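Worksheet: one structure, shown below.
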């Protein structure tokens, strides 16, 4: 009986400490100049090297399925890929202007796309 109580208390303590950690705010990071020069046009991104970091401002026109979306700005359209956990709770419609940060993804025999790491709504 003592063993059951001890194990139960241990499980309860671990569960509470894990829950407390989940509620802790994320720690900050670097704030300052970046190697990314500023928003890039879709037409320019299509000619950039693989793994180049980019920022684009535009709109998502539609979902292409499997975490892929058609992103458009004044210069053209490109496929972007946004993992479910990179939305950070945002809900975006085709009417929203957004800023996406990510990297160019060039695969042989496939069109250029951008693997998005961060999404934010522009006001």
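What follows draws every value from the coordinates through simple rules; no lab data is involved. Treat the numbers as computed from the prediction; the structure is a model and nothing was measured. Glycine also receives a Cβ, built like all others from the backbone with ideal geometry; neighbour counts cover every protein chain displayed.
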Q. In which sequence would 44, 73 go, from the one with the fewest C-beta neighbours within 10 Å to the one with the most?
A. 44, 73
Q.
At 0.36 nm per residue, and after removing the present C-alpha to C-alpha distance, how many nm does the segment from residue 43 to residue 68 gain when stretched out fully?
A. 7.2 nm
Q | Rg/Rg_globular for segment 42-121, with Rg_globular taken as 2.2 N^0.38 Å and Rg from C-alpha atoms | A | 0.99
Q) How would you rank 77, 63, going from fewest to most other Cβ atoms within 10 Å of each one's own Cβ? A) 63, 77
**Q.** Extension gain from residue 122 to residue 83, taking 0.36 nm per residue of separation minus the Cα-Cα distance
**A.** 12.1 nm
